[in-house]
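The values are calculated or read from the model by the stated rules, or taken from the named source; none is laboratory data. Only a predicted model underlies this, so the values are computations on that prediction, with no experimental measurement involved. All Cβ positions, even for glycine, are placed from backbone atoms using ideal geometry, and neighbour counts span all protein chains on display. These area figures cover heavy atoms from the full protein model, side chains too; ligands, DNA and RNA do not enter into them. Shrake-Rupley method; radii C 1.70, N 1.55, O 1.52, S 1.80 Å.
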Amino acid sequence: MPSIELDPNLSRYSQRTRGMKASEIRALFAVATRPEIVSLAGGMPYTAALDYAAVDEVTTGVIRDHGPIALQYGSGQGLPALRERLVEVMAAEGVRATGDDLVVTTGGQQALDLIAKLFCDPGDIVLAEGPSYVGALGAFASYEAEVRHVEMDGEGLLPAALEDQLTRLDAEGRRAKFLYTVPNHQNPGGVSLSLERRHEVLAVAQRHDLLVVEDNPYGLLDFKGETRPALRALDPDRVLYVGTLSKIFSPGIRVGWVAAPESIRDKLVQLKEGADLCQSNLTQFIAERWLGTQPWLRQVDEYRRVYRERCEALLTELSAELPAGCSWTDPTGGFFVWLTLPEGLDSGELLAKAISARVAYVPGRGFFADGNGSRHLRLSFCFPQPDEIREGVRRLAEVLHAEVELVRALYGGREQDRGAAGTPLPLHRER
Ligand code: PMP
């Protein structure tokens, strides 16, 4: 990739692309996939846990029984039979919808892109948790939206902080286009919005007439199999719901969806047609047959078992190995732990040392639109085996112990002089 100064096409690009920056996670992938490195960086689902005989049966069955249609263009809104199945997936988290309410998209990511395209003019405000999903921040930036973060703690978004942000915007004579939130097993925070807070957040949204975009890839991946009602289940008229099969089946089939009120849905279909005419009919048929003929909830149970075991391996090793002053969230599901470093340490600066020690993570700054996050990092436990996770944590701990020593030697008791200020964090455990 040419550097930005040397890019000969710089003057041709649209204004819009100025807000775009390469994802730190993507940049990391090239290094993190080297075999000698334990990657606690990427959030790849552990698709080796799928029942491949069943996947084989489903895919060959689709070609055998529906080949000419499955290999044809489909409708902009998505395959009706699949939409009916997706309604059943949402019902598992209390959402009542009809197939007609849904638009099938290329994963949840395209849904976020289309939503940003539909609502955001340059300079518009979007509210999002701090930290927030990097892919959503990228989508919002590409339409030049300005993200303002809402603080979280171990129970998710703070309703009072949301109220504060909205009151401040009122005072500025401005209005947020929507709140973007991942209420379950958040990426990257690993925390979930408590039931009480769900009601409070919606009450604040109602008071300020705020639209809510609920992104829910991890809701069914609770380690105990518990579910909390989706925000959409509590207030269907105010909440746009984004779902995906990426974490409960396969990210490779690229099937996501939006559940939206009729007027919004029609606009999304038009935007979807402009983007790619229609979703891959082939993968829609595969998804439909998977959900319709296979015990898909049993597969979700298997994923949950795998991720619970890996999360336990990670948390146990963090407790045993990390230096005093580190703290981290305590996930009850999903893929991620959010780690806070001792004062004076910067996760971005430390990454090169970690890679030299053959372990990778994602520095926290990528999860904030406002430059915050330097004292934090995201650890993923979804892909490596438990033994690899333990080894990865031991390597990370060595780097952190050495850095803590160094900072102490250089700055004595004045670690804060180093200036790596962080945001208040969801603290759950501390050594
Ligand atoms: N939202 C969140 C919070 C995610 O973590 C992800 C995947 N990392 C997505 C959306 C998009 O996933 P997909 O496009 O595969 O559905």
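Results, tabulated for the structure shown:
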read-out: In segment 69-126, residue surrounded by the fewest Cβ atoms within 10 Å (Cβ to Cβ) [restricted to those that are at positive phi and away from the ligand (no atom under 16 Å from the Cβ)]; value: 123
read-out: Residue satisfying condition, being modelled with pLDDT of 85 or more, open to solvent by 50 Å² or more (accessible area, probe 1.4 Å) and among the hydroxyl-bearing types (Ser, Thr, Tyr), within set 13, 46; value: 13
read-out: Segment 312-328 residues that are more than 14 Å from residue 385 (Cα to Cα), paired with ones that are of a type in the set (Ser, Thr, Tyr) (beta carbon under 8 Å, 6 or more apart); value: 326/340; 327/340; 328/340
read-out: Counted residues, segment 173-199 - those being under 24 Å from the mean Cα position of the chain (by Cα) and surrounded by fewer than 18 Cβ atoms within 10 Å (Cβ to Cβ); value: 4
read-out: Residue that is nearest to the ligand (Cβ to nearest atom), among those in segment 127-136 that are open to solvent by less than 10 Å² (accessible area, probe 1.4 Å) and of a type in the set (A, V, I, L, M, F, W, C); value: 136
read-out: Exclusive hit being surrounded by fewer than 24 Cβ atoms within 10 Å (Cβ to Cβ), within 23 Å of residue 375 (Cβ to Cβ), among the charged types (D, E, K, R) and more than 18 Å from the chain's Cα centre (by Cα), set 170, 164; value: 164
read-out: Scan of segment 333-361 for residues that are β-branched (Val, Ile, Thr) and at pLDDT 95 or above, ordered by number; value: 337, 340, 359
read-out: Residues of segment 223-244 satisfying the condition of being surrounded by 22 or more Cβ atoms within 10 Å (Cβ to Cβ) and either of a type in the set (Gly, Ala, Ser) or away from the ligand (no atom under 11 Å from the Cβ) (or both); value: 230, 231, 232, 239, 240, 241, 243
read-out: Single match in 180, 143 (criterion: away from the ligand (no atom under 14 Å from the Cβ) and not polar (S, T, N, Q)); value: 143
read-out: Unmet criterion (only one of (1) within 28 Å of residue 311 (Cβ to Cβ); (2) more than 16 Å from the ligand (Cβ to nearest atom); (3) touching a Pro at 6+ places or on another chain (Cβ under 7 Å); (4) at pLDDT 95 or above) for residue 192; value: (2)
read-out: Test for residue 111: is it closer than 30 Å to residue 166 by Cα, of a type in the set (A, V, I, L, M, F, W, C) and touching a Gly at 6+ places or on another chain (Cβ under 8 Å); value: yes
read-out: Meets criteria (in contact with a His (Cβ under 8 Å, 6 or more places away or on another chain) and either at pLDDT 95 or above or within 21 Å of residue 150 (Cβ to Cβ) (or both)) for residue 377; value: no
read-out: Evaluation of residue 60 against (1) in a helix (DSSP H, G or I); (2) within 23 Å of residue 177 (Cβ to Cβ); (3) open to solvent by 40 Å² or more (accessible area, probe 1.4 Å) (one fails), failing number; value: (2)
read-out: Subset tally (residues that are away from the ligand (no atom under 11 Å from the Cβ), part of a loop (DSSP other than H, G, I, E, B) and over 18 Å from residue 79 (Cβ atoms)) for segment 245-291; value: 1
